[in-house]
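Input: a single structure, listed below in structure tokens.
Every number in this text was worked out from the coordinates using simple rules, so none of it is lab data. Given the structure is predicted, the values throughout are model-derived calculations rather than measurements. Here Cβ is always computed from backbone atoms with ideal geometry, including for glycine, and neighbour counts include all displayed protein chains.
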Amino acid sequence: MRLINISLTICCIVFSLNSFSQLKPGFRKVDDFKINDAKVKVYFMDPIVELSTAFPEFETKPDPEKNKLLQVYLANHDLYLFSFTSKDGKIISYVARGNPEQKESSYRYKLDIIDGDILTQSRDNPLAVRKTVNNLNISGEFFEHMAPFQQPRFKKVTTANIWGNIIHINPYAPIKDTIEKLIQLDQTTGIPEIKAP
């Protein structure tokens, strides 16, 4: 494992360079793949970028305060969107987001399944959640798709020193695998109720 010290300044610089390629404020496309005849586009909402935008003074805050703000943000916001489009054009949004009821759990994220495209929904007329999968097998606070980890020199980094802590950078592949299996179940037999670990 390599250990690299990454500053928030790098994160902000990389984001400003990549911001023009964003589809909609907050979401950035990071992957696409197929499930049978259906297409899935994957978007990521970078928590550090969102915090830096919401709090311009975020970079100058003490490290413990940054950590606390990140925890609060992760417990209450979207992280990944898997936008499923069937062969006949029907769109289903599978949204991995923080679960404030489980913010102390190692499995702090849930998957909300929404019939429709949340990227184009109106704030005045939000789409309803059809089903929620709690205890989603996703954990962590720092993710491969965060802006600083997108630079080529950081691609093989598995840990980093951020805000005075050695952190694990959660890879995308297991997240994709988990959600892809749930999408397949939702499209065939249905997703069974998952008991808390």
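Per-residue HN-Hα couplings for region 160-167, Karplus 6.51 cos²θ - 1.76 cosθ + 1.60 at θ = phi - 60°, whole Hz, x for Gly and Pro?
Working through the residues one at a time gives 8, 9, 10, 6, x, 10, 7, 10 Hz.
For D177 and D124, FRET efficiency with R0 = 35 Å and r from the beta-carbon atoms, rounded to 0.05?
0.45
Across region 183-193, in residue order, what do the Karplus-derived ³J(HN,Hα) couplings come to in whole Hz, using 6.51 cos²θ - 1.76 cosθ + 1.60 with θ = phi - 60° and x for Gly and Pro?
3J(HN,Hα) across region 183-193, in whole Hz: 4, 4, 5, 4, 7, 10, 8, x, 8, x, 5.
Considering every Cα-Cα pair within region 3-187, what fraction, in whole percent, is farther apart than 21 Å?
51
If you restrict to DSSP beta bridges whose two residues both lie in region 3-187, what percentage is antiparallel, to the nearest 5?
90
Using modelled backbone amide H atoms (1.01 Å from N, in-plane), which distant-in-sequence or interchain residues come within less than 5 Å of I162's amide H?
Correct list: I167.
Amide H of F143 versus every other amide H placed in the peptide plane: which residues, excluding those fewer than 5 positions away on the same chain, fall under 5 Å?
For F143, whose amide H was placed from the backbone, the distant partners under 5 Å are N170.
Non-local amide H neighbours of D31 (under 5 Å, H modeled in plane, Pro and chain starts lacking H): which ones?
V42
Could you tell me the center-to-center distance, by alpha carbons, between region 32-89 and region 111-132 in angstrom?
16
May I ask you to compute the full-extension gain from K156 to N134, defined as 0.36 nm times their residue separation minus their alpha-carbon distance, rounded to one decimal in nm?
Once the chain is fully extended between K156 and N134, it gains 4.9 nm.
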